[in-house]
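Notes to accompany the following structure.
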Amino acid sequence: MLHIVNKSPLDRCSLDTCIATAQPGGALLLIEDGVYAATRGNAAAGKLTQAMGHLKIFALKADLEARGMADRVLEGVNLVDYGGFVDLVTEHATCQSWL
Amino acid sequence: MAIEVNGKTYETDEEGYLTDISEWNEDVAKLLAEQENVNMSEQHWEVINFLREYYNEFQIAPAVRVLTKAIGKKLGPEKGNSQYLYELFPYGPGKQACKIAGLPKPTGCI
Amino acid sequence: MSEGQIKKFMYVNRKAPHGTVYALESLEVVLIAAAFDQDVSLAFMDDGVYQLKKGFNTKGLEVKNFQPTYRALDDYDVNKLYVEKEALEARGLTEDDMVVPVEVLSRTEIGKLMETQDVVLSF
């Protein structure tokens, strides 16, 4: 299934709970303030890199760019545009938004 | 909107439901029933009182399905069926009985 | 929805009760959707476990106390309530603090159940 996180990992525990709950083979899409987790130097970067072992990680490019963070995207994170966002939602039968 | 009973005014919403459920009393119920063309019998009061107890305990007006089941459990299967309840309240036990009981419209009732 | 098409719905509740309207909204959606006779379960994770902490008294807030309504869920045939073990522990709560009977599961166990759903609703 697809998991979506839209909160900064340093503000909320959404990312932590999501990663601990998500089952292997799932996908995690970071949007809005959630994209900060996908940037080098962020305290959550290690956690996200570790999660790559069991989840495919995506981040919305427009949200990274809007925040001036597109120049430091963590290796292994797949960037998607809005079309890619829609594709992810349709490719997966269910979706949980960690609001 | 408002209704008047024994010289006192009671606020209702645009569909005729009592705005403040704590203002409810039997005389108000009788007038609300009259407006609905329901002639209150002992069987009607039984359902009204049941609804008020249910609301006091759970803070919701039950859906018809739930009301039917719960009445059956408490008052017996001959009363816990929709035919019996619709005979008492032809326009729907949820809508009509809740209005007379001074409760809000049941959640999910359209 | 026609008969014979029973789908599995899971409501995931992760917000504390009064700070936002999520808890009340979720409860109302559950009650409304119960009319469709689906296979419903509720998961309480993170601060969502606070929704079930017994003993709400909202008089001082002058808002409706919606906690008694959780006890009506069984009447609506909603009786699969899962509570996240880690969330309880992180908040100094135990199963005994819950206002209704629940099943305490780890995050991983809830994650596995989530994978078996037809529809997941996030609150």
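The values are calculated or read from the model by the stated rules, or taken from the named source; none is laboratory data. Just so we're clear, the structure is a prediction, and the values are computed from it rather than from any experiment. We place every Cβ from the backbone using ideal geometry, glycine too, and count neighbours over all the protein chains shown. Side chains are part of the model used for accessible areas, which takes the heavy atoms of the whole protein and leaves out ligands, DNA and RNA. Shrake-Rupley method; radii C 1.70, N 1.55, O 1.52, S 1.80 Å.
So here's what we get for this one:
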{"item": "R0 of 45 Å, Cβ-Cβ distance A:TYR82-B:GLU57: FRET efficiency to nearest 0.05", "result": "0.40"}
{"item": "Accessible-area composition of chain B, carbon plus sulfur, in percent [1.4 Å probe]", "result": "48"}
{"item": "Global form of the protein assembly as shown, assessed from the alpha-carbon gyration tensor, a/c cut-off 1.5", "result": "prolate"}
{"item": "Computed helical MRE - 222 nm, the protein assembly as shown, DSSP H runs ≥ 4 contributing -39500 (n - 2.57), nearest 500", "result": "-9000 deg cm²/dmol"}
{"item": "Cross-link pairs B:LYS74/C:LYS80; C:LYS8/C:LYS112; A:LYS47/C:LYS112; B:LYS95/C:LYS59; B:LYS105/C:LYS15 - those with Cα-Cα distance over 18 Å", "result": "B:LYS74/C:LYS80; A:LYS47/C:LYS112; B:LYS95/C:LYS59; B:LYS105/C:LYS15"}
{"item": "Net lengthening on full extension, C:LYS112/C:LYS64 (0.36 nm per residue, minus Cα-Cα)", "result": "13.8 nm"}
{"item": "Rounded to 10°, Cα long-axis angle of helix C:22-33 versus longest principal axis of chain C", "result": "30"}
{"item": "Interface area, B with C, accessible, probe 1.4 Å, both sides summed, Å² nearest 100", "result": "1200"}
{"item": "Rh (Kirkwood; distinct C-alpha pairs) - chain B, Å", "result": "13.9"}
{"item": "Interchain or long-range residues, amide H under 5 Å from A:ILE4's placed H", "result": "A:LEU29, A:GLN96, A:SER97, A:TRP98"}
{"item": "10 Å Cβ neighbours from other chains, averaged over peptide A:16-24", "result": "6"}
{"item": "Shielding by other protein chains, A:89-95, mean Cβ within 10 Å", "result": "3"}
{"item": "Degrees separating the helix B:42-58 axis from the principal Cα axis of chain B, which is the longest one", "result": "90"}
{"item": "Within chain C, percent of DSSP bridges classed antiparallel, to nearest 5", "result": "5"}
{"item": "For chain A, average projected area of the Cα convex hull in nm²", "result": "5.4"}
{"item": "Virtual spin-label span in nm between B:GLN35 and C:LYS7, 7 Å along Cα→Cβ", "result": "3.9"}
{"item": "Pairwise Cα inverse-distance average, inverted: Kirkwood Rh of the range C:8-122 (Å)", "result": "14.3"}
{"item": "Net charge of neighbours whose Cβ lies under 9 Å from the Cβ of C:PHE123, counting Lys and Arg as +1 and Asp and Glu as -1", "result": "+1"}
{"item": "Within the range A:2-98, percent of DSSP bridges classed antiparallel, to nearest 5", "result": "5"}
{"item": "Partner lysines for B:LYS99 [C-alpha distance under 18 Å; skip if fewer than 8 residues away on the same chain]", "result": "B:LYS30"}
{"item": "Buried accessible area, chains A and C (both chains, 1.4 Å probe, Å² to nearest 100)", "result": "1500"}
{"item": "Chain A - percent of accessible surface contributed by carbon and sulfur, probe 1.4 Å", "result": "51"}
{"item": "Solvent-accessible ranking of C:GLU109, B:GLU23, A:GLU75, largest area first, probe 1.4 Å", "result": "A:GLU75, C:GLU109, B:GLU23"}
{"item": "Accessible area in the full protein assembly, largest first, 1.4 Å probe, for A:CYS18, A:CYS13", "result": "A:CYS13, A:CYS18"}
{"item": "The range A:30-75 and the range C:1-80: distance between their alpha carbon centers, rounded to Å", "result": "33"}
{"item": "Probe 1.4 Å, accessible area per residue of the protein assembly as shown, Å²", "result": "49"}
{"item": "Accessible area in the full protein assembly, largest first, 1.4 Å probe, for A:TRP98, B:TRP24", "result": "B:TRP24, A:TRP98"}
